[in-house]
1. Looking at A:143, A:188 in this structure, which one is out of contact with any strand residue (DSSP E or B) (no Cβ under 9 Å at 6 or more places or on another chain) and assigned to a helix (DSSP H, G or I)?
2. Surrounded by fewer than 16 Cβ atoms within 10 Å (Cβ to Cβ) and at pLDDT 95 or above: does that describe residue B:108?
3. Suppose we filter the range B:203-227 for residues that are within 14 Å of chain A (Cβ to nearest Cβ) and under 17 Å from residue B:125 (Cβ atoms); how many remain?
4. What pairs come out if I take residues in the range B:53-64 that are farther than 23 Å from residue B:90 by Cβ and pair them with residues that are more than 10 Å from the ligand (Cβ to nearest atom) whose C-beta lies under 7 Å away, six or more apart or interchain?
5. Looking at (1) closer than 24 Å to residue A:177 by Cα; (2) part of a helix (DSSP H, G or I); (3) more than 16 Å from the ligand (Cβ to nearest atom), which one does residue B:91 not meet, given that it meets all the others?
6. Out of everything in the range B:57-77 that is within 13 Å of the ligand (Cβ to nearest atom) and away from every other protein chain (no Cβ under 11 Å), what residue ends up being nearest to residue B:117 (Cα to Cα)?
7. Can you name the condition, by its number, that residue B:110 falls short on among (1) over 30 Å from residue B:243 (Cβ atoms); (2) away from every other protein chain (no Cβ under 14 Å); (3) away from the ligand (no atom under 16 Å from the Cβ); (4) not in a loop (DSSP other than H, G, I, E, B)?
Ligand SMILES: [Zn+2]
């Protein structure tokens, strides 16, 4: 009875390796989850089994000097970075509750967020982001960094942010800042205290 | 950074051509003939020796730029100011001026930069007025190109060592035809220092002539500046999105002041750094 053991062990290892490979492969593609896909039962926001929330920090503009001021809000959390990032950006688009100024046109809608293995989040918006944008280099800079800083501040996994419009790269939002590249956050734009 | 500005206008050459009239004083016909020959020879030569300043009025066509509460559009003000700067520069007769657009059209951002390079421009000035989500946003600022982390990465890939010197040499030494129609990605990275000096001198004039809040000189990754192979800045004169400043911007006298500020800053830059 002792002889078959190593064979069984090897078989078990092989099966395990295949399982692990499948598992990793399943998660390797850049998109982890998107709103267009049927959500898996475990992560479904519709299933009110466990209503988790996260504290989201949203950046809006102070009218006087254009510095970012944080507003914190509870948003539903699934534990998936991309799904949570989508919830946080949707909240950012809703705008501030106090006397601050939003740096995104209210008409903007988020299509989806996806994340690459090296920490670049692709935030894909409808073309309202540019069509309803007031233009001007000040407004463009504010929009880009409200999105980039909000994502990078809330999610450690997000190192840089690439902004897409209708699923595609744009040269600029409205003629100034180079948009077709990944942005590092600039936390110096956040007001001290 | 020697020879970046190329040759200046050679006045000695003009003298050599103009002086011989003394010898031919006796004959009116010969003098007239000589005058005609001189004019034919000197005018194109002088024009050929003039360096070009490229002015870039922002936006145009369907791209109206930022909008004011009273209905004024950035593209119209950008063009009006640019034409005023052009007139001031041309008064001095020392430089040729090329506008990237002189009517209500919208050349691509790459084409605007390419116009500067194709004309072997001495300086490139992009003229804008600002727009903001904030009603209180006000003041004037001057931008030059920034090299952010992402750019640094792509630069490192494209040019392993001392790109500045390589680019500098190719501009100074190569036949001009060799660099025509070429638009380097990030060509501006070789001119960051001069562009910052230009920005500083223009900003100082904006501050003293306009009375608008000083937003200082800043760096940003603007598409229109990236490919420009000469000192280049983008001027943001006041906020059209601020109703008070919008009313200033549509005022002819204020536009004259913006043009004068840009012109004076440019001339100070050329006086300090533009002569060989
Ligand atoms: Zn503009």
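1. Numbers: A:143 fails: out of contact with any strand residue (DSSP E or B) (no Cβ under 9 Å at 6 or more places or on another chain).
Sole residue among the options that is out of contact with any strand residue (DSSP E or B) (no Cβ under 9 Å at 6 or more places or on another chain) and assigned to a helix (DSSP H, G or I): A:188.
2. On the way: surrounded by fewer than 16 Cβ atoms within 10 Å (Cβ to Cβ): yes; at pLDDT 95 or above: yes.
It is true that residue B:108 is surrounded by fewer than 16 Cβ atoms within 10 Å (Cβ to Cβ) and at pLDDT 95 or above.
3. Keep residues of the range B:203-227 that are within 14 Å of chain A (Cβ to nearest Cβ), which gives B:212-227.
Keeping just the survivors that are under 17 Å from residue B:125 (Cβ atoms) gives B:217-220, B:222-227.
Going through the range B:203-227 one residue at a time, the tally reaches 10.
4. Within 7 Å, the pairs are B:59/B:106; B:61/B:104; B:61/B:105; B:61/B:106; B:62/B:106; B:63/B:106; B:64/B:73.
5. Evaluating residue B:91 over (1) closer than 24 Å to residue A:177 by Cα; (2) part of a helix (DSSP H, G or I); (3) more than 16 Å from the ligand (Cβ to nearest atom) leaves (1) as the failure.
6. If we take residues in the range B:57-77 being within 13 Å of the ligand (Cβ to nearest atom) and away from every other protein chain (no Cβ under 11 Å), then B:57 is nearest to residue B:117 (Cα to Cα).
7. The single condition residue B:110 does not satisfy is (2).
For (1) within 16 Å of the ligand (Cβ to nearest atom); (2) away from chain B (no Cβ under 14 Å); (3) in contact (Cβ under 8 Å) with a residue 60 or more places away in the chain, each residue gets a yes or a no:
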residue	(1), (2), (3)
A:111	no, yes, yes
A:116	no, yes, yes
A:121	no, yes, no
A:141	yes, no, no
A:150	no, yes, yes
A:158	no, yes, yes
A:161	no, no, no
A:171	yes, no, no
A:175	yes, no, no
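The values are calculated or read from the model by the stated rules, or taken from the named source; none is laboratory data. Owing to the predicted nature of the structure, the values given are computational and were not obtained by experimental measurement. Here the Cβ is made from the backbone with ideal geometry for all residues, glycine too, and neighbour counts use every protein chain on show.
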